[in-house]
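What follows is a single structure, written as structure tokens, with notes after it.
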Amino acid sequence: MCASTKDAIYPDGPRGIPFLGNLPEIRQNPLRFLEACGRDYGDVTRLRLAYYDGYLVNSPELIHRILVDEVNHFTRFAGHKSTRLSRILNGGAGMDRVAQFPMDGDFWLRERWLVQPALTPTKVVQYGDTMVRHAQKMMDRWKKGEVRDIYKDMVSIAYSVISETMFNAREDDDLETLHKAFEIIIDRIATQLGTLAPVPGVLPTNANRALRWSLNTIEQAFTRLVEKHHTGEYPDDLISRMIHTNDGKDRTQDREWRFQVFSLLAAGYETSAVVLTWIWYLLAQNPDVRQMVQVELQNVLNGRPPKAEDIPRLKKTRAVFDETLRLYPPAWCFSPLIVREDCVIAPYKFRKGTIILLSPWVTHRDPRHFEFADRFYPQRWDEENAVSVNKHAFFPFGRGPRHCVGSSFATTEVMLTVATIAQSFDLELASPGSIVLPKPHVSLRPGQPVMMQIRHRA
């Protein structure tokens, strides 16, 4: 339990500059700066974030206590009354509602209640055939020897999958236009979070006009989907659950619920697409690992399309998935937490109102926690080696009550997509040996187009 003690200590950290503290360094290169903090200051680094005090926590045990044992002593910064994020999109037309994702408190609990039944492991298994079908549709477009932007292709797959499984939206629902709207919103959030002076949403700038178009497009698309559901065409999906709630209220008529649910959609396809892109990049750099995966797929599937039930037997493929999440976690830094009250988590003291940052990017690459921390080494996840891995040091989807509700969905989709494509194709870097650096966007996207050549396997 959190309690003050006279033996508690305050962590040290980089001094930064007057007034702004460490914000300019974080803005310039957040991955490099946070990783340096973990290397130089160890378990906890004090950060100076303008008029906020912050701590980067890099101890697996402390992270576990914050996310699990002492979870009630922390709340999401996104729900805090002083957060900049709540002002980034402020300007009417529901812009502030988009900014409040993710939330905490009663709304957060109700939202999880709404979404969880659609994302239970049992339910996700039923989506397996849809996931494989969309991967096959993408493969049908590929031509031997052509060069593709593989990130865009993975976005197309992931977006189509989550649109159909969660909302029963199909190609005739103008998914391309809706996807463009989501990309504008995601880019806006990333851009504004990275600036010291965010542009108010009320100003008539081109960016604000594009954002307003995006929000209106999402509103209109949602309205069309709801109208179809009211006809009874789609009896079992997320929108149906919003219509037929236990308290008898139709949540589809609530703008706040609309934007929160569509925020979940955006986060869902982004996560899967980013992980898949990094997997293909790493396999192209490590053909011996790719061959190991393909041998496993041949032994388990023998050329047939994979099913969700096959996933437990695809141990080598799962190791590649986990190792990719370790090196390139989509959530490179979790939504900041705020300390609710003065407390001590041995031996560090955290004051009320302090910002807490948890970064899988930093912890996953810390050589104190992982041997060969900067190396792509899927063998670390083999059963004989897994005992040496600190289970608290690996948290790509969070942990405890704030564990990502869509982790089972993302895992199943990525595993089935890799199993479908890797059986038939080798994806090679168009420029062999090229290095792709990550870009800390809303997720950890590639910093440049990942151009890959399509090669049919013999």
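What do you reckon, is ARG15 touching a residue at least 24 places away in the same chain (Cβ under 8 Å) and surrounded by fewer than 14 Cβ atoms within 10 Å (Cβ to Cβ)? Considered against the rule, which asks whether it is touching a residue at least 24 places away in the same chain (Cβ under 8 Å) and surrounded by fewer than 14 Cβ atoms within 10 Å (Cβ to Cβ), ARG15 comes out as yes.
Residues in segment 298-321 that are surrounded by 19 or more Cβ atoms within 10 Å (Cβ to Cβ) and over 27 Å from the mean Cα position of the chain (by Cα): there are none. Screening ARG188, ARG212, ARG258, ARG224 for residues that are at pLDDT 80 or above and part of a helix (DSSP H, G or I) leaves exactly one candidate, ARG212. Residues of segment 214-229 that are exposed (fewer than 14 other Cβ atoms within 10 Å of the Cβ) and either in contact with an Asp or Glu (Cβ under 8 Å, 6 or more places away or on another chain) or among the hydroxyl-bearing types (Ser, Thr, Tyr) (or both): THR223, ARG224. Restricted to segment 41-103, the set of helices (runs of 4 or more DSSP H) holding at least 3 residues that are at pLDDT 80 or above comprises 60-64.
Scanning segment 376-422 for residues that are assigned to a helix (DSSP H, G or I), among the aliphatic types (A, V, I, L, M) and in contact (Cβ under 8 Å) with a residue 24 or more places away in the chain turns up ALA393, ALA410, VAL414, MET415, LEU416, VAL418, ALA419, ILE421, ALA422.
Of all residues in segment 209-227, those that are over 16 Å from LYS180 (Cβ atoms) and either under 25 Å from the mean Cα position of the chain (by Cα) or free of Cβ contacts under 8 Å to residues at least 12 places away in the same chain (or both) total 2. The single residue among PRO396, PRO378, PRO330, PRO367 that is surrounded by fewer than 18 Cβ atoms within 10 Å (Cβ to Cβ) and in contact with an Asp or Glu (Cβ under 9 Å, 6 or more places away or on another chain) turns out to be PRO367. State yes or no: is ARG402 more than 25 Å from THR277 (Cβ to Cβ), crowded, with 22+ Cβ neighbours inside 10 Å, under 22 Å from the mean Cα position of the chain (by Cα) and not hydrophobic (A, V, I, L, M, F, W, C)? Criteria met by ARG402.
The values are calculated or read from the model by the stated rules, or taken from the named source; none is laboratory data. On a predicted model such as this, the values are computed, not experimentally measured, just so you know. We place every Cβ from the backbone using ideal geometry, glycine too, and count neighbours over all the protein chains shown.
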